[in-house]
Amino acid sequence: MIAPSILSADFARLADEAAAVAGAGGAGADWLHVDVMDAHFVPNLTLGLPVVEALLAATEVPIDCHLMIDDPDRWAIGYAEAGAHNVTVHVEAAADPVALAKNLRAAGALAGLSLKPGTPLEPYVETLRHFDTLLVMSVEPGFGGQSFISDVLDKVRSARRLVDTGHLRLLVEIDGGINAETIEAAAEAGVDCFVAGSAVYGADDPARAVALLRDRVRAVTPHRWTE
Ligand code: DX5
Ligand code: ZN
């Protein structure tokens, strides 16, 4: 799955930018990744629930909300209730991630847990049994256009093993520095869902950039594709 991040899109034309990657007949973006930042958990400020609600009304592409905010225990539920498909919170910010996951699921969303590059996976394996997605950050959260931190691929491989052996049931998602070069190593490590901001919206043709990224994944992991 490919999830373009609108962080690198034109914020004055978000509906058009969503349409630019939607594609025809299922060929485009699988999810649209929306980065919510509060200038506290990360040193940047983006958008919040009103903009997500407007996007939900403007596109059919499932919305993947990545909440880089303090106190997600209080704020995340609103995104699920609004209709976001997946709502991801940071383990470094959540006081009670298991309760949060249950509430997100009860509101009809998938529940996602994200780990910053320096946050290990092992202490959270039991917690992750309550989640549908694991978002492995491959840059320090806060800004688009940073370089991929390949050290996090060990974490991806560990998560992949836990899923493949049945200990966890979740999608492994990666976010940060994904482009036509880095996506292959991420795919080989076992990522299911690739977030890409600048590589998609920095391209002349965002829809073509999505298709090219997907082609790269299929080329290196043909055994994981059933179509
Ligand atoms: C960064 C965000 C990412 C960002 C990725 O904190 O979480 O989703 O948009 O941008 P690129 O793909 O340019 O690294
Ligand atoms: Zn993100």
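The values are calculated or read from the model by the stated rules, or taken from the named source; none is laboratory data. If you're wondering where the values come from, they're calculated on a predicted model, not measured in any experiment. We place every Cβ from the backbone using ideal geometry, glycine too, and count neighbours over all the protein chains shown.
If a residue has to be more than 18 Å from residue 24 (Cβ to Cβ) and either in contact with a Phe, Trp or Tyr (Cβ under 7 Å, 6 or more places away or on another chain) or in a helix (DSSP H, G or I) (or both) to count, how many in the range 199-227 make the cut?
Qualifying residue count for the region: 10.
Residues being more than 14 Å from residue 72 (Cβ to Cβ), in contact with a helix residue (DSSP H, G or I) (Cβ under 8 Å, 6 or more places away or on another chain) and within 13 Å of ligand 2 (Cβ to nearest atom): count how many of those fall in the range 20-44.
3
One line per residue, one yes/no per condition, for (1) under 25 Å from residue 41 (Cβ atoms); (2) within 15 Å of ligand 2 (Cβ to nearest atom):
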position: 146; (1), (2): yes, yes
position: 150; (1), (2): yes, no
position: 170; (1), (2): yes, no
position: 178; (1), (2): yes, yes
position: 191; (1), (2): yes, yes
position: 197; (1), (2): yes, yes
position: 203; (1), (2): no, no
position: 209; (1), (2): no, no
position: 220; (1), (2): no, no
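Would you confirm whether or not the range 119-140 contains a residue that is within 14 Å of ligand 1 (Cβ to nearest atom), of a type in the set (Gly, Ala, Ser) and either in contact with a Gly (Cβ under 8 Å, 6 or more places away or on another chain) or at positive phi (or both)?
Yes.
To keep it simple, each residue is scored yes or no on (1) touching a strand residue (DSSP E or B) at 6+ places or on another chain (Cβ under 6 Å); (2) among the charged types (D, E, K, R); (3) at pLDDT below 95.
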site	(1), (2), (3)
141	yes, no, no
146	no, no, no
153	no, no, no
157	no, yes, no
162	no, no, no
173	yes, yes, no
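Those residues that are assigned to a helix (DSSP H, G or I) and either in contact (Cβ under 8 Å) with a residue 60 or more places away in the chain or under 24 Å from residue 113 (Cβ atoms) (or both), I need them from the range 172-198; list them, please.
Within the range 172-198, the subset assigned to a helix (DSSP H, G or I) is 183-189, 198.
Of everything in the range 172-198, those that are assigned to a helix (DSSP H, G or I) and either in contact (Cβ under 8 Å) with a residue 60 or more places away in the chain or under 24 Å from residue 113 (Cβ atoms) (or both) turn out to be 183, 185, 186, 187, 188, 189, 198.
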